[in-house]
Amino acid sequence: MHSAEEEPYGKPHPGVYLTTARKLGVDPSACCAIEDSLNGILAAKAARMTCIAVPDAAVAADPRLALADRVVASLADLDATIWTALGAAAGKARRRPRI
């Protein structure tokens, strides 16, 4: 467990996600963050993570949420189809040559 409160900068700085990935011993690009806020989405994407947004209904229409790789209304909406699609997309992204 790790909190942004333990970091010198809060979200949208990616520090909390980068530290967590380092503690887990995994590359951030192999991680998926589940976020409920725009600042959280920005932090996850800045850390090069896949991000699923589960926003509060009051902000669900905010077009900036499209920065996430997937937006769902509820955690109950996360099924095998979504995980498979995100995994396939992440695999393709990792195989792309870097310029």
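The values are calculated or read from the model by the stated rules, or taken from the named source; none is laboratory data. Keep in mind it's a predicted model, so treat the numbers as computed, not measured. Cβ: placed from backbone, ideal geometry, glycine included. Neighbour counts: every protein chain shown.
Is it the case that the stretch 19-28 has a residue that's modelled with pLDDT under 95, in contact with a Ser or Thr (Cβ under 9 Å, 6 or more places away or on another chain), closer than 20 Å to ILE82 by Cα and not hydrophobic (A, V, I, L, M, F, W, C)? There is no residue in the stretch 19-28 that is modelled with pLDDT under 95, in contact with a Ser or Thr (Cβ under 9 Å, 6 or more places away or on another chain), closer than 20 Å to ILE82 by Cα and not hydrophobic (A, V, I, L, M, F, W, C).
The condition (being in contact with a Gly (Cβ under 9 Å, 6 or more places away or on another chain) and modelled with pLDDT of 95 or more) is satisfied by just one residue among ALA66, ALA53, ALA73, ALA58: ALA53. Taking into account only those residues within the stretch 21-57 that are crowded, with 19+ Cβ neighbours inside 10 Å and over 11 Å from the mean Cα position of the chain (by Cα), which is farthest from ASP69 (Cα to Cα)? The residue in question is ALA21.
Applying a threshold of 7 Å to beta carbon distances and a minimum spacing of six or more residues, or different chains, the list of pairs starting in the stretch 10-28 at a residue that is within 14 Å of ILE41 (Cα to Cα) and of a type in the set (Ser, Thr, Tyr) and ending at one that is in a helix (DSSP H, G or I) and modelled with pLDDT of 95 or more reads TYR17/PRO28; TYR17/ALA43; TYR17/ALA44.
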